[in-house]
Structure formats: C-alpha cells, structure tokens
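To start, the structure under review is shown below, and the notes come after it.
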Amino acid sequence: MIRIGITFSESNYVNYPLWIKGNDSSISIIELSYHTNNLQDVSLCDAIVFSGGIDMDPLGNIVYANAPKKFNLARDQFELAVLQKALEEQKPILGICRGLQLINVFLGGTLHLDNGEAINKIHRKEHEDKIHKIKVVKDSSFHSIVQQENGLVNSAHHQSIDILGPGLKAVAYSEDGVIEAIESSNPKKQFLIAVQWHPERMTDLENPFCKNIREALLEKIVKSQG
C-alpha cells in the first residue's frame, strides 16, 4: 500500500486525490489539514503533496495589488511545519502552485507578491485556467522526468518566485521569465519537485507535464519501499 499525504486546500481539493490515485487501488490518501492539526500523520506518509490555493501571508503586513481580503495564517503555519517534518524525514515532496511558493519561502527564497498586469494576463486564471508555453532546463532531473524541452501547461496564479531559495534549482521557465518549476539542487539526496501549474486539473492527462510528474513520484515511492 502506498500512502500519500496531500495538504488540504479550500480550492478544488478533490482534484488532488483523484489525480494522484487514478485507478490505482493500492494508493491511499492521507489528508493533512490545519483543521485537524494532524502533523503527526506526516510520518505515516510515503510522500507529501503540497496543494494550491489562497496566497501565503506576506510578512510585515505588506499591502499589494490583487491581494486577497484575508489570509489563512493557520494553514500557512501548519504547512510550513509539515514541510519541515517532510524534509527531516526525507519524504518525496511534490509542490503544486502555492506549494511551489511555500517551499521556496521555507527555504529562504522570496516571492513576487503580484506579477503585475502584463504577466497576469498570461498567467492568472479568469473563467478558466490560462494556457502558456514553458521551456525546461535540459541539465535537470525534471527534464529526465518529462523528457521534453518545451511544452504547454495551465496557469492560475498571480504570484511567483522572485529570489530562489538556497538548495533549490529553477528547472523550467515561461517565455516571460516566470520560474515554472523547481527541484532540489541535490536530487539524489532529496526528491523535491514543485511546479507553478496545476497538473491535477489538466484536461490532457497524457501530457508529460501531468502524467510523468505523477509517475515519477509513484516510482520514487516504490523504489524507496524496496
């Protein structure tokens, strides 16, 4: 049995378990939520997926364009604790959208709190996810996973990485320079991949920027189980 922890999101949480499980009955999901404060369940998980959702709270009460009316400090604090525990226990980690931003902030990086009008037109969701091109860094573990140098991904964000956190490597970019994927700078030590798009709700489930990411996570788990 494979047990994967997924952090709870107020935004379309149901998509994450459906995507991770697929038709595989050997996979069970452990919901990790600030509501239940079940931090101890991280140790039961074979891998952790950090979901998307509301903006993280910018420290210092910064006011910025397009900010939400309120932040979820309880979720921020809980998920940072989950990430710390997952790193300490060397769990395979996958971050999605907000999850990418959370990982970067935890590891000492910073965010563009709002990408600005021009970039938001390309990246920020309106009625449906935006679609745009990305380019993958060839010298990366992520490239070995997706086996593509270019591709199309969906997009629904208005924040992005500014300064990359120590211990991370940017491995995919959009045409306007937004960091679209990151990985551990020491992938042999830690399986840590995060993407700025939403593979769990891509319309083409055979897209390598959806399918191959899921498969790589599951393969890592199976190998670690021996």
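The values are calculated or read from the model by the stated rules, or taken from the named source; none is laboratory data. Since the structure is predicted, the reported quantities are computational estimates derived from the model, not experimental observations. No Cβ is skipped: glycine too gets one built from the backbone with ideal geometry, and neighbour counts run over all protein chains shown.
Details
- Residue in region 184-206 that is surrounded by the most Cβ atoms within 10 Å (Cβ to Cβ), counting only those that are part of a loop (DSSP other than H, G, I, E, B) and among the polar types (S, T, N, Q): 196
For (1) of a type in the set (Lys, Arg); (2) without any contact (Cβ under 8 Å) to a residue 40 or more places away in the chain; (3) over 14 Å from residue 101 (Cα atoms), each residue gets a yes or a no:
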{"position": "112", "(1), (2), (3)": "no, no, no"}
{"position": "115", "(1), (2), (3)": "no, no, no"}
{"position": "122", "(1), (2), (3)": "no, no, yes"}
{"position": "128", "(1), (2), (3)": "no, yes, yes"}
{"position": "152", "(1), (2), (3)": "no, no, yes"}
{"position": "161", "(1), (2), (3)": "no, no, no"}
{"position": "173", "(1), (2), (3)": "no, yes, yes"}
{"position": "177", "(1), (2), (3)": "no, yes, yes"}
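- Counting only residues that are surrounded by 13 or more Cβ atoms within 10 Å (Cβ to Cβ) and of a type in the set (Asp, Glu), region 15-42 holds 2 of them.
- Among the residues of region 45-66, those that are under 21 Å from residue 96 (Cβ atoms) and either exposed (fewer than 15 other Cβ atoms within 10 Å of the Cβ) or out of contact with any Ser or Thr (no Cβ under 8 Å at 6 or more places or on another chain) (or both) comprise 45, 47, 55, 56, 57, 58, 66.
- Residue match in region 116-133 (condition: of a type in the set (Gly, Ala, Ser) and surrounded by fewer than 17 Cβ atoms within 10 Å (Cβ to Cβ)): yes
- The test for being assigned to a strand (DSSP E or B), within 16 Å of the chain's Cα centre (by Cα) and surrounded by 21 or more Cβ atoms within 10 Å (Cβ to Cβ) does not hold for residue 170.
- Residues (among the basic types (Lys, Arg) and not in a helix (DSSP H, G or I)) located in region 93-151: 124, 125, 130, 133, 135, 138
- Filtering region 43-65 to residues that are at pLDDT 90 or above and of a type outside the set (D, E, K, R) leaves 43, 44, 45, 47, 48, 49, 50, 51, 52, 53, 54, 56.
- For first residues located in region 214-226 and part of a helix (DSSP H, G or I), partners that are among the hydroxyl-bearing types (Ser, Thr, Tyr) and lie 6+ apart or on another chain with Cβ distances below 9 Å form the pairs 216/141; 216/144.
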